[in-house]
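Undergrad: This is the structure, below, for whatever I ask next.
The values are calculated or read from the model by the stated rules, or taken from the named source; none is laboratory data. Just so we're clear, the structure is a prediction, and the values are computed from it rather than from any experiment. As a convention, Cβ positions derive from the backbone with ideal geometry for all residues, glycine included, and neighbour counts pool all protein chains shown. All accessible areas refer to the heavy atoms of the entire protein, side chains included, with ligands and DNA or RNA removed. Shrake-Rupley method; radii C 1.70, N 1.55, O 1.52, S 1.80 Å.
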Amino acid sequence: MSRTGETAPGVTARPAGAGGAARVPRPAGPAGRNPAWLVTSLVLSVLGAYFFVYYVPQNYAPSRVDLFTEALFVGLAATGLNILTGFNGQVSIGHGAFFGLGAYVTALMMDDRAYVEFAGREWGLGDGVPFLATLPVVAVVCLVVGALIGFPALRVKGLYLALVTLGLAVLFPDLTKRFVRGTGGTNLVGLRGADLAPPDWYDWFPDVIADPLDDYVGARDQWAYYVALVLVGLLLLAVHLIARSRFGRALIAVRDHEAAAETVGIDLARVKVSAFALSAAYAGLAGSLSVLVARQANAGRVETFQLSIEFLVALVVGGTATVFGPMIGGFLVVFFRDWIDQQQRLEDLFDSSARAKLLSPAIFGIGLIVMMFFLPDGIVGGSRRAWRRVTRRRSHPIT
Amino acid sequence: MDLFVSQLMNGIERGVIYASLALALVLIFKTTGILNFAQGEMALFSTYVTWWLTEQGLAVWLAIVTSVVLSFLGGAAIERVVMRPVEQSSPLVIVIVTIGLFLAFNSLAQVVFGVEAEVIPRAYPNERWDVAGVNLKMDTVVLVGILALECVLLWLLLQRTKVGLALRAVASNPESSRLAGVSVGSMLMLGWGLAAALGALAGSLVVPITTALNPASMQEILVFAFAAAALGGFDSPLGAVVGGLVVGVANALTIQYVDALDGIELLVPFGLILAVLLFRPAGLFGKVHVERV
């Protein structure tokens, strides 16, 4: 949560430049003033694009590429949570459930054996549907379910809402165990290699992107990574546009001061339910992407809860109510977890890798607390403050 | 009918278990105004301490008392070191910090004490009586007794002593309390210490009844305890007890009688929470707060 909560009513307190209306002269930001800065940022973005679009998928081993894909979808779920928690101020610790819902819908549609047992009938949800075709379905399903859960959430605020969403994360695995009949009758829906192979048209792309020497199954990791990269790019652009739209300003106004927002004519219910639905759809799509890496959809109580926490951590570490913060947070969380799990020194210390792995949540938890002490507005928020202090000028924050 | 009564007793036993942890949640909410998501894991850690002390050859009762005292000190220390710097922050920051504590305590318990399931001996003989056809367990009697005692002591402390008044004043308005000469910091530490001590007592008594002690022991209990506290109202100790009993009994009866909810009995407590929050957001016994705009 940003510091703007203290300057109620937030709508009027914000600088006009944030709206981005053409008539209002924007305060000259660093980019508009300094050609050296412009060149630097141009070079940096070209290098970044080269790294993410070409270098990562073409040079790293499949397991490493999968790790990048994982960072992308964790970041995507955190981005969705940001719409709800960062911009709208509704804390959820149950987004693992929407993530799982997305994963299950995708896996059930792609697999020809798994089905849902409901009301005495078996619902197959499609056989062998291509991955990309499941995405619109996931988006719609999660929008609807998110809205349905958003309605009761209208009456519940703050810490109580966190509690209700916690229930969501705890309930979801039980629901899958009851209704989903996957591999061997369990709630795990496993997919075969052939199901996850890239489609034929993936081969049409130039060699640089789709290496023709790779057979289809071998190119799975690159295909998954590119799908994630494109989807994340589009959805980040959407957040960027939302944050500057009328709806985005309404989200922030409701967060900062509900009563004041209502008096200026904002429909509280519509805004809050839409935020819930949108953020559920983001988390669901992230779940769909996870199927490409995990090759299965599965839900256990512990895992769903841990995922929900991980999204929240990524959001807070990166920076709430910023566009790129949650994505940066997603990368940090995933790579940090991977790094701790590989520490040889910890293994030596405890004489076993299993016991050393147990320590990673502890380091995670303590790191989180320390982070809240020193950088409560996340990495993006903190560096913005640092930048402002260096330049001693007012830049134009989104929030 | 017999089946119904035995399920009812079963539900009451579970309900008392939930209520004992819910009481700790309520205490921390009533004295500091936050929901402590780490309460279950703090209780878990304390329970491990109890187990470790019994392993060192201490008598069970003595081990529990020692663990409760240590937990009181530990809880107060956590407030001073971890919570104090973020006291004034938004709910999100506080949620994140308690979740950080949750992760830290759970994994530290595993690293320090190991992942194997451990058995804690009961502190009292494990007896059963047949009272008018109803199977009455010593476990239930002891837990009900302890819970009743806790409630009375808490009520006396909060409503009948000067310290209790200060505790309540700090929760409702820290600024004015400070002006009135209340030491806000020590009251917050006291609140956390008491809650941690209650959690330690609950964990040490409950774990021998339900399962062997393992790192996941408290998680399901915590969920039900939250349900109980939300149902009864987060600022009412009596509400926590009634909420715990309602949740426990409803759950036991659902398992026995409602086949449609087989495997998803958790829908019942959460349905109850949702219903209560929708129609009476402050909980059954909670006080309604009026917000000034």
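Undergrad: Quick check: anything in segment B:82-92 within 14 Å of chain A (Cβ to nearest Cβ) and among the β-branched types (Val, Ile, Thr)?
TA: So far as segment B:82-92 goes, yes, one or more of its residues are within 14 Å of chain A (Cβ to nearest Cβ) and among the β-branched types (Val, Ile, Thr).
Undergrad: A further question follows. Which ones in segment B:114-168 are among the hydrophobic types (A, V, I, L, M, F, W, C) and touching a strand residue (DSSP E or B) at 6+ places or on another chain (Cβ under 9 Å)?
TA: B:Ala117, B:Val119, B:Ile120, B:Trp129, B:Leu136, B:Met138, B:Val141
Undergrad: Might you let me know whether segment B:196-203 holds any residue that is of a type outside the set (Lys, Arg), part of a helix (DSSP H, G or I), touching a Leu at 6+ places or on another chain (Cβ under 8 Å) and modelled with pLDDT under 85?
TA: Taking every residue of segment B:196-203 in turn, none turns out to be of a type outside the set (Lys, Arg), part of a helix (DSSP H, G or I), touching a Leu at 6+ places or on another chain (Cβ under 8 Å) and modelled with pLDDT under 85.
Undergrad: Next question, about the same structure. When residues of segment B:22-67 are filtered for being over 20 Å from B:Gln110 (Cα atoms), assigned to a helix (DSSP H, G or I) and open to solvent by 20 Å² or more (accessible area, probe 1.4 Å), how many remain?
TA: 8
Undergrad: A follow-up question, please. From the list A:Ala321, A:Ala356, A:Ala299, A:Ala362, which one is in contact with a strand residue (DSSP E or B) (Cβ under 9 Å, 6 or more places away or on another chain) and modelled with pLDDT under 90?
TA: Only one candidate passes the filter, namely A:Ala299.
Undergrad: Can you give me the number of residues within segment A:158-191 that are more than 8 Å from every other protein chain (Cβ to nearest Cβ) and touching a residue at least 40 places away in the same chain (Cβ under 8 Å)?
TA: Summing the residues that are more than 8 Å from every other protein chain (Cβ to nearest Cβ) and touching a residue at least 40 places away in the same chain (Cβ under 8 Å) in segment A:158-191 gives 17.
Undergrad: Right, next: Taking B:Ser107, is it among the hydroxyl-bearing types (Ser, Thr, Tyr), over 21 Å from B:Asn214 (Cα atoms) and within 14 Å of chain A (Cβ to nearest Cβ)?
TA: Here the answer is no, as B:Ser107 does not meet what is asked.
Undergrad: Another question, then. Name every residue in segment B:108-122 that is surrounded by 14 or more Cβ atoms within 10 Å (Cβ to Cβ) and acidic (Asp, Glu), in order of residue number.
TA: B:Glu118
Undergrad: Which is in contact (Cβ under 8 Å) with a residue 40 or more places away in the chain, among the polar types (S, T, N, Q), farther than 27 Å from B:Phe270 by Cβ and open to solvent by less than 50 Å² (accessible area, probe 1.4 Å), of B:Ser204, B:Ser177, B:Ser217, B:Ser236?
TA: B:Ser204
Undergrad: State whether one or more residues within segment A:109-126 are in a helix (DSSP H, G or I) and open to solvent by 10 Å² or more (accessible area, probe 1.4 Å).
TA: Yes.
Undergrad: Return the only residue of A:Phe336, A:Phe305, A:Phe311 being among the hydrophobic types (A, V, I, L, M, F, W, C), over 27 Å from A:Arg178 (Cβ atoms), modelled with pLDDT of 80 or more and outside any loop (DSSP other than H, G, I, E, B).
TA: A:Phe336
Undergrad: Considering A:Ala224, A:Ala269, A:Ala243, A:Ala280, which residue is within 23 Å of A:Val141 (Cα to Cα), modelled with pLDDT under 95 and within 18 Å of the chain's Cα centre (by Cα)?
TA: After applying the criteria, what remains is A:Ala224.
Undergrad: Return yes when A:Thr134 is of a type in the set (Val, Ile, Thr), touching a residue at least 12 places away in the same chain (Cβ under 8 Å), open to solvent by 10 Å² or more (accessible area, probe 1.4 Å) and more than 14 Å from every other protein chain (Cβ to nearest Cβ) and no when it is not.
TA: no
Undergrad: Which residues, taken from segment B:128-147, are touching a residue at least 24 places away in the same chain (Cβ under 8 Å) and within 21 Å of the chain's Cα centre (by Cα)?
TA: If the condition is that a residue be touching a residue at least 24 places away in the same chain (Cβ under 8 Å) and within 21 Å of the chain's Cα centre (by Cα), then B:Asp139, B:Thr140, B:Val142, B:Leu143, B:Val144, B:Ile146, B:Leu147 are the ones that fit.
Undergrad: Determine whether B:Leu58 is away from chain A (no Cβ under 13 Å) and over 16 Å from B:Glu41 (Cα atoms).
TA: In short, yes.
Undergrad: Another question, if that's okay. Please name all residue pairs, on different chains or six or more residues apart, with Cβ atoms under 7 Å, provided the first residue is in segment A:248-266 and is within 14 Å of chain B (Cβ to nearest Cβ) and part of a loop (DSSP other than H, G, I, E, B) and the second residue is crowded, with 20+ Cβ neighbours inside 10 Å and of a type outside the set (Val, Ile, Thr).
TA: Pairs that qualify, where the first residue is within 14 Å of chain B (Cβ to nearest Cβ) and part of a loop (DSSP other than H, G, I, E, B) and the partner is crowded, with 20+ Cβ neighbours inside 10 Å and of a type outside the set (Val, Ile, Thr), are A:His257/A:Gly10.
Undergrad: Let me ask you something else. Name, by its number, the condition in (1) in a helix (DSSP H, G or I); (2) farther than 19 Å from A:Tyr225 by Cβ; (3) away from chain B (no Cβ under 14 Å) that does not hold for A:Leu289.
TA: Against the list (1) in a helix (DSSP H, G or I); (2) farther than 19 Å from A:Tyr225 by Cβ; (3) away from chain B (no Cβ under 14 Å), A:Leu289 comes up short only on (2).
Undergrad: Could you tell me whether segment A:97-111 includes any residue that is under 23 Å from A:Glu303 (Cα atoms) and within 13 Å of chain B (Cβ to nearest Cβ)?
TA: Checked segment A:97-111: at least one residue is under 23 Å from A:Glu303 (Cα atoms) and within 13 Å of chain B (Cβ to nearest Cβ).
Undergrad: When residues of segment B:238-275 are filtered for being β-branched (Val, Ile, Thr) and either assigned to a loop (DSSP other than H, G, I, E, B) or facing chain A (nearest Cβ under 10 Å) (or both), how many remain?
TA: 3
Undergrad: Checking A:Arg155 against (1) within 14 Å of chain B (Cβ to nearest Cβ); (2) over 23 Å from B:Glu265 (Cβ atoms); (3) touching a residue at least 60 places away in the same chain (Cβ under 8 Å), which test does it fail?
TA: (3)
Undergrad: To continue, here is another question. Can you pull out the residues in segment B:191-218 that are under 20 Å from B:Asn10 (Cα atoms) and touching a Gly at 6+ places or on another chain (Cβ under 7 Å)?
TA: If the condition is that a residue be under 20 Å from B:Asn10 (Cα atoms) and touching a Gly at 6+ places or on another chain (Cβ under 7 Å), then B:Met218 is the only one that fits.
Undergrad: Considering only residues that are in a helix (DSSP H, G or I) and more than 8 Å from chain B (Cβ to nearest Cβ), look in segment A:368-380 and name the one that is most open to solvent (accessible area, probe 1.4 Å).
TA: Across segment A:368-380, the extreme among qualifying residues is A:Phe374.
Undergrad: Just the residues that are under 20 Å from the mean Cα position of the chain (by Cα) and in a loop (DSSP other than H, G, I, E, B), please, taken from segment B:69-127.
TA: B:Ile120, B:Arg122, B:Ala123
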